[in-house]
Amino acid sequence: MILRIVLAGLLCLGVTVALGWAVLERPMPVENLPERVASAMPESGVEHPITAVLLNFRSYDTLLEIAVLLVAVVVALALREAQPDQPEQMGLDNPLLRAVMAWLLPLILVVAGFLLWAGSYQPGGAFQAGSVLAAAGVLLRLAGVTTNWLDNALLMRAGLALGLLTFLGIGLLVMLPGVPFLTYPAAHAGTLILVIELTLTLSIGLTLLSLFRLTPPYADDPDDARPQEDRNL
Amino acid sequence: MIGLWSVPLLFALPLALGILSLLVVPAWRPRLIFVGLPLLAAASLDVLAGLATAGPQVYRLGDWIAPLGINLVVDGLAVGMILMTTLVATLCALYARVYLRDHPPASSFFWPLLWFLWAGMNGIWLAEDIFNLYVGLEVMGLAAVGMVALRATPQALAAAMRYLLAALLGSLAYLLGVALLYAAYGTLSMAGLHEAATNNATTQVALALIILGLLLKTALFPLHAWLPPAHGGALTPVSALLSALVIKASFYILLRLWLVLGPEVTPELTAQLLGVLGAGAVFYGGWMAWRQHHLKQLVAYSTVAQIGYLFLFFPLVTNTSPEAARLAWDGTLMMLVAHALAKAALFLSAGNLILAVGSPQISHLVGISRFRPMSLFSFGLAGVSLMGLPPSGGFTAKWLLLHSAILSGQWWWLIVLFLGGLLSAAYIFKVFRMSFREGPQIDRSVTPPLTLDVVALVLAASAILIGLFAHLPLHWLRMGSVLGMG
């Protein structure tokens, strides 16, 4: 055991030293990518370079990243379905919590909307807004608010898929004039990116929320993982 | 522009089908293959036609020029891998439609995961951007982990968890290497790296991280421990997909990067080390396969062994004559394709044998040759290619590798090719010996549906035929290659 810890420590130390060496010895890039981004900004349809890279110049990466999120939910759904028990209603049924939630919820929604909108001219965008949206859902669940509207499987799946489907659809539709995949016409790039971001926000929020909801309630605490009968022994 | 629609459809179609299969009722999910498979086959063939008429192409996504945007590369290697994927995945899907009827809970999520897996693989084959490759690896890897977990038994979940952790560690090491390369050269495009990369500390550390990450994902000995439980324990069509295609993706990335960075950067010592690890895989995997008692575990260890041959590529192309390097390229790719076909056939026919006797134990196969000659024939035909007997794809591959080893004066790899073939023969004949033996438990066998046998036979026959008609695929695979043959 001690040998393993020592070996692991040495390995970590070795990787750290190698990384430090690599970073210190690193040559200065000849290619100036930030400059290229800056000169292409007027055609991107947005004002913030990060959003332009994520949703225009390298939008294909983002498309596949959204697919990764969707795959994660599909795997979680598959594992949940394989377990015989249904998710229990979890959370504290506390009137104070509910009262606080009533104040917080509109605020959270406004923040999510702001983050989404801010993405076009400053750091922000669909991922951040979606995470905030998901946080609202998690809080609702922790406060014991019934969220039966989320249990409609088809509606939920449609919401999960909406972002990727829209992204894919727009990527293919813009090809009709005979240009490559994901080539937004410069005049409409801003609008198309906004539509994609709106749907992505919703889908990312639902994805994160689903991952939270699909976790069996007892999985957090290893002591509680055993069935009730075992614990009484 | 050639392939304007067919190139993006290669990943857009499976993504769309994956989403669609989530939205339709479970009974309709398998039926989507009747739309999806012909369309994907058409797109793959259109890309091949484009390659044959116009040569290698670069596809500029969003019409941005790399390194600002992301390029896709449509050269012989990429198209070859796409066609291999289309053929193997199509047959596995036809197999799964019948096979999964007995596994209703698993079947409802197999289909979306299959389409996402396919999209990830096609994304990797086409990628020209090293960060885009990372995203492709994640799409494919996560879908593959989900497929291993589909059986939902404690063993399957443990295997899936182990696979997930290995795959994540591999991805992160790869990503760290990509970050270092980007920091040093300011570009993620392979063409840009080919121009800019020089031999320095940063490149070497990045290369080491990338190699380690990809070796873990390819399950090269001694980093193979996650593979046998994941591949051997999964549902049969999943085992076939993972062993035939998924592990090839990380090897493919390593092969491309090795050639992109070029002989100035790639150290000969590392190349020899990769070859030695490959040799270790051939011996250890072959030995372990022979010792297994479960049929699918035997086949899974056979994959550990066969991966080893692919890594002979590195010592044979690094600082060797152009002729030796060309033969190594041909031999390695023939090995890759022949293994994909033969291993898919071997897993599917093993699955058929297990269905027939109702037990995964090799010792329960006693007397099965009387009842299931066709399943056993497919198993044997695939075994011929794995052993490297003529006239199979495995033979052609080993023949080319052998010539390359002799030309480059590295005779020691001949021992690996020869002993590896003997070890493969040992574990294949172990199964045959049992099936021809007369014993008490031969009074009953279940007849699996005909489709299952036909699919396995078609795959096994393809593994043989590709050896007989190796000229044309090898000609295509060479198109646009960095090894100075395009």
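Derivation of every value follows stated rules applied to the coordinates shown; laboratory data play no part. Just so it is clear, the model here is predicted, and its values are computed rather than measured. Backbone-built Cβ (ideal geometry, glycine too); neighbour counts: all protein chains shown.
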Checklist entry - Using alpha carbons only, how many degrees (0 to 90, rounded to 10) separate the axis of helix B:6-23 from the longest principal axis of chain B? => result 50
Item to check | Full-extension gain in nm, A:VAL111 to A:LEU11, via 0.36 nm per residue minus C-alpha separation | outcome: 31.7 nm
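With a 10 Å Cβ neighbour count serving as the proxy for reagent exposure, in which order, fewest first, do B:SER302, B:SER107 appear? Before the final figure, lay out the partial values.
Working: B:SER302 31, B:SER107 20.
The most exposed by this proxy come first: B:SER107, B:SER302.
Which value in deg cm²/dmol, rounded to the nearest 500, describes the helix-derived mean residue ellipticity at 222 nm for chain A, given -39,500 (n - 2.57) per DSSP H run of n ≥ 4 and division by the residue count? Mind showing how you got there, number by number?
Values: 9 runs with 152 residues, N = 233.
Theoretical 222 nm ellipticity from helices: -22000 deg cm²/dmol.
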Checklist entry - What is the list of residues in region B:71-100 whose amide nitrogen lies under 14 Å from a point 7 angstrom out from the Cα of B:HIS471, following Cα to Cβ? => result none
Checklist entry - Where does each of B:GLU195, A:GLU31, B:GLU438 land when they are ranked from fewest to most other beta-carbon atoms within 10 angstrom? => result B:GLU438, B:GLU195, A:GLU31
Next on the checklist: Could you tell me the extents of the protein assembly as shown's C-alpha atoms along the three principal axes, largest first, rounded to whole Å?
Outcome noted: 77, 67, 60
Checklist outcome for this item: Applying the span-like rule to chain A (DSSP H, Cα extent along axis at least 27 Å, Kyte-Doolittle mean at least -0.5) gives A:2-24, A:59-82, A:95-118, A:153-173, A:189-214
Checklist entry - Could you put B:TYR163, B:TYR59 in order, starting from the residue whose Cβ has the fewest other Cβ atoms within 10 Å? => result B:TYR59, B:TYR163
Checklist entry - Using the Karplus equation 6.51 cos²θ - 1.76 cosθ + 1.60 (θ = phi - 60°), what ³J(HN,Hα) coupling, rounded to whole Hz, does each residue of region B:214-226 give in order, writing x for Gly and Pro? => result 6, 4, 5, 6, 7, 6, 6, 3, x, 9, 9, 4, 6
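Taking a quarter of the surface of the Cα convex hull of chain B, what do you get in nm²?
Values: hull surface 82.0 nm².
Projected over every direction and averaged, the Cα hull of chain B covers 20.5 nm².
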Item to check | Helical mean residue ellipticity (222 nm; -39500 (n - 2.57) per DSSP H run of 4+; nearest 500) of chain B | outcome: -25000 deg cm²/dmol
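When the Kirkwood radius is taken over all Cα pairs of region B:242-329, what Stokes-Einstein diffusion coefficient follows at 10 °C and 1.306 mPa s, in µm²/s?
Values: Rh = 13.9 Å.
After rounding, the answer is 115 µm²/s.
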Checklist outcome for this item: Between B:THR451 and B:ALA54, the two model label points (7 Å from Cα along the beta-carbon direction) sit apart by a distance in nm of 3.7
Item to check | On Cα atoms only, tilt of B:450-468 relative to the major axis of chain B in degrees | outcome: 50
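Net charge within 13 Å of B:GLY192 by Cβ-Cβ distance, Lys/Arg positive one each and Asp/Glu negative one each, not counting B:GLY192 itself? Could you put the intermediate results ahead of the total?
Numbers: positive: A:ARG36; negative: A:GLU31, B:GLU128, B:ASP129, B:GLU195.
Counting the neighbours of B:GLY192, the net charge comes to -3.
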Checklist entry - Between B:VAL98 and B:ARG291, what length in nm is gained on full extension when 0.36 nm per residue of separation is reduced by their alpha carbon distance? => result 66.3 nm
Next on the checklist: Helix B:295-310 against the longest principal axis of chain B: what's the angle in degrees, Cα atoms only, rounded to the nearest 10?
Outcome noted: 20
